[in-house]
Amino acid sequence: MLQRYSLFAIFLHWLMALGIVLAFGMGLTMTDIPGITPTKLRLYNWHKWLGVTLLALAAIRLLWRLFHTAPPLPDGMPVWQRRASSAVHFLLYLLLFAVPLSGYFYSLAAGFPVVYLGVVHLPVLIEKNVALSEIVKDVHFVLNWCLATLVFAHLLAVLKHSFIGNDGIIRRMLPVRADISDQA
Amino acid sequence: MMKMLTVLPLFLFAVVAWAGQPQQVEPRSVDTASSTIAVVFTQMGVDVDATFTRFSGEIYFDAAAPEATTATVTVDVGSFDFGYPEYNTEVAKPTWFNTPKFSTAQFELTSVAVKTATSLVAKGQLSIKGKTRKVTVPVNLRTENGREHFVGELKINRLDFKVGEGEWRKTDLVADDVTVRFNLTTAQP
């Protein structure tokens, strides 16, 4: 029987997926608003709070991954697919940190410290530097599009495995009945 | 002889009175290049600041006769600089400073109390956007090379002056408490 991730890992995956889609949507919307408006101010701050939350969740997720083994891939899966999967997942983990971190430093460089939920003053690691903020803004933008591309590739693979070959791989990340050994 | 005897004490009195006069008899203008007026405000919990780059002022301060002190500072509200053009444009609007109608903000001293040689308490009238309020602010005074440095933080409520009206009234967006940080240096005598 196909083994799946534990319920905790599954929960984290979907929670973060939802959060990332929301944050991405906010990012696209808020930067389109001209001038300075209350809505824009709120969106920017909510986007940052969500980003910080996602960074914390990414840390938890990484910790989980370091102390647990992922369920094994099906026996018949070709080596190139295993390698591709590893590579994409590795890059996704990298971006789960790089994207919110670049956003955080962009905010600091622009002269806006992040106050989580409006109450917790997060560390001001760098001083205001408007010239630097322009660069970090571009980094945040590029990394986000890398993330979007990899998520798209990830989705394509899921669709492929669901409709071509139908190896049920999607059930690794769904809370279905499965044979859970200690490792997951 | 008698005439000289009556004139002499008067003459001596005049000399003594003149010697006792304070050195400075003219108000000193504020040297804008060496002074700053900044405003710190809070957006959804985040403290940010801006400066006013154009202002003028005249201060006459005499420690021996504080009741004779005068001070006026006039700020060109259009010189508000947040570092981002969109913000600077926004604050000139009617909901904020309404700069086209109220181009200056002014502080006029009414009294000053000298607590120590370096610590003063100034009371005066602050006028912004057509509204005037009494304010009190502790001021630190430092004199270097004959120039006076008046430094302090004036805490005001923006809503008292209707700065940030309509959709910007909500204090969770921009807090009511605003701090005006000033460092006013007088010109060389």
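The values are calculated or read from the model by the stated rules, or taken from the named source; none is laboratory data. For clarity, every value in this text was computed on a predicted model and none was experimentally measured. Every residue, glycine as well, gets a Cβ built from its backbone with ideal geometry; the counts of neighbours run over all protein chains shown.
The table below lists the values:
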item	result
Qualifying residues in segment A:77-101 (those that are farther than 19 Å from residue A:168 by Cβ and among the small types (Gly, Ala, Ser)) - the one surrounded by the most Cβ atoms within 10 Å (Cβ to Cβ)	A:98
Given (1) modelled with pLDDT of 95 or more; (2) farther than 29 Å from residue A:34 by Cα, number of the condition residue B:143 does not satisfy	(1)
Cross-chain or 6+ apart pairs with Cβ under 6 Å, segment B:82-96 first and within 9 Å of another protein chain (Cβ to nearest Cβ) and more than 21 Å from residue B:36 (Cβ to Cβ), then small (Gly, Ala, Ser) and part of a loop (DSSP other than H, G, I, E, B)	B:86/A:35
Selection count, segment A:124-147, where residues are surrounded by 14 or more Cβ atoms within 10 Å (Cβ to Cβ), within 18 Å of the chain's Cα centre (by Cα) and of a type in the set (A, V, I, L, M)	3
Selection count, segment A:74-110, where residues are in contact with a helix residue (DSSP H, G or I) (Cβ under 6 Å, 6 or more places away or on another chain) and part of a loop (DSSP other than H, G, I, E, B)	1
Yes/no for residue B:125 being at pLDDT 95 or above, away from every other protein chain (no Cβ under 14 Å), surrounded by fewer than 18 Cβ atoms within 10 Å (Cβ to Cβ) and touching a Leu at 6+ places or on another chain (Cβ under 8 Å)	no
Every residue from segment A:23-51 that is more than 17 Å from residue A:114 (Cβ to Cβ) and in contact (Cβ under 8 Å) with a residue 60 or more places away in the chain	A:24
Flag if residue A:56 is surrounded by 13 or more Cβ atoms within 10 Å (Cβ to Cβ), of a type in the set (Gly, Ala, Ser) and farther than 25 Å from residue B:83 by Cβ	no
Breaking point among (1) at the interface with another protein chain (Cβ under 10 Å from one of its Cβ atoms); (2) under 21 Å from residue B:174 (Cα atoms), for residue A:124	(1)
